[in-house]
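Only the coordinates and a few stated rules stand behind these numbers; no lab work does. Just so you know, these numbers come straight off a predicted model, no measurement behind them. Positions of Cβ are generated from backbone atoms using ideal geometry, with glycine treated the same way; all protein chains shown enter the neighbour counts.
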Amino acid sequence: MSDTTNQFLTFTLGEEVFALDISSVREVLEYTAITKVPRMPESIRGVINLRGRAVPVVDVRLKFGMPETTRTVDTCIIIVEVNLAGEETVLGALADSVKEVMDIEPGDIEPAPRMGTSIRADFIRGIGKHGDEFIILLDIDRVFSDEELAQMAETAGEPQAVE
């Protein structure tokens, strides 16, 4: 993943606006049925069928210590690629709503604050300014621990045989 892109997909969790580097985003899906999987961490809601492949879905609100996502007409699943021990893993992230893809120039990105946010600082790549709005830029590879990702990959049945 290169850091040369300044494009971010913005989405909401509650009142907060977050953003992911567009290079880590594969697609955005409407909310679909999520199949529960036993013995998963609370933040992993289950798996969805994405073109015949089981993809784990994470409730990012729970990861960040917020109340569980409540499904609305705007709830969606952002399909992202994360790096797990050097391997790309695909997973879905529940979002209250997706806003837009926007450019945020490097000069408009400040380092993550050490305090004042309920989200662990190591999850935050920086704070972007867009007009008079602040956007929390997430480091998707750090939001999920290797252990969680390994458990998700196992759940999703990866590695999968090529048909």
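Rounded to whole numbers, the Karplus 3J(HN,Hα) couplings from phi for segment 96-113 are 5, 6, 9, 9, 6, 8, 9, 8, 10, 6, x, x, 9, 10, 9, x, 5, x Hz, using 6.51 cos²θ - 1.76 cosθ + 1.60 with θ = phi - 60°, and x at Gly and Pro. Across segment 28-116, Cα pairs under 8 Å and at least six residues apart give a relative contact order of 24 percent. Please list log₁₀ I(q)/I(0) at q = 0.29 Å⁻¹ for segment 2-71, using the Debye equation with identical point scatterers on the alpha-carbon positions. Log-scaled intensity ratios, in q order: -1.33. Ordered by the count of other Cβ atoms within 10 Å of each Cβ, fewest first, Glu68, Glu15 give Glu15, Glu68. Straight-line reach from Lys129: taking Cα to Cα under 17 Å and skipping same-chain neighbours fewer than 8 places apart, the lysines in range are Lys99. For a label point 7 Å from the Cα of Glu27 along Cα→C-beta, name the residues of segment 69-111 whose backbone N is under 11 Å from it. Only 79 fall inside the zone, counting backbone N under 11 Å. Between Lys99 and Glu81, residue separation times 0.36 nm minus the direct Cα-Cα distance comes to 4.5 nm.
Expressed per residue, the C-alpha convex hull volume of segment 7-155 stands at 118 Å³. Round to the nearest 0.05 the FRET efficiency obtained for Asn6 and Arg39 when R0 = 35 Å and r is the Cβ-Cβ distance. Between Asn6 and Arg39 the formula returns 0.30. At full extension, Glu68 and Asp108 could sit 11.3 nm farther apart than now, given 0.36 nm per residue minus the alpha carbon distance.
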